[in-house]
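For reference, the structure is listed below as structure tokens.
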Amino acid sequence: MAMTLTEKRARRTERAESKRRIEQAQKETRAIVTTGICPECGSGLQQNLALTGWWQCDQYGADGFRKDDSKPACGWQGFTKDRRTTMRTTRETQCRS
Ligand SMILES: [Zn+2]
């Protein structure tokens, strides 16, 4: 079923809006990472090397995985890069090797 011009326009606007939101979130995460302090609990931050640009609070995760088990867990995490781009790059790397 062919889309009308109005539907095409709406879809394009949606995509642009979604891209803008992602970029805004990444910009905010970059600013937080620069401070090195979790915006939710004030702990430090660490980079999760599983994905490029993935940052998490030092207190992220279950007992034994956090930096300090005596403090409560914190769920803050953020991305400074586009996850989709990162995953595509990873797949390309695997194909070459
Ligand atoms: Zn935190």
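Ignoring lysines fewer than eight residues from Lys67 along the same chain, the ones with Cα atoms less than 27 angstrom from its Cα are Lys27, Lys81. Straight-line reach only, C-alpha to C-alpha below 24 angstrom: list the lysines that Lys8 could link to, leaving out same-chain residues fewer than 8 apart. Output for Lys8: Lys19.
Taking the fewest neighbouring Cβ atoms within 10 Å as the starting point, the ordered list for Asp69, Asp82 is Asp69, Asp82.
Since every read-out is calculated from the coordinates, none of them should be taken as a lab result. Just so you know, these numbers come straight off a predicted model, no measurement behind them. Cβ: placed from backbone, ideal geometry, glycine included. Neighbour counts: every protein chain shown.
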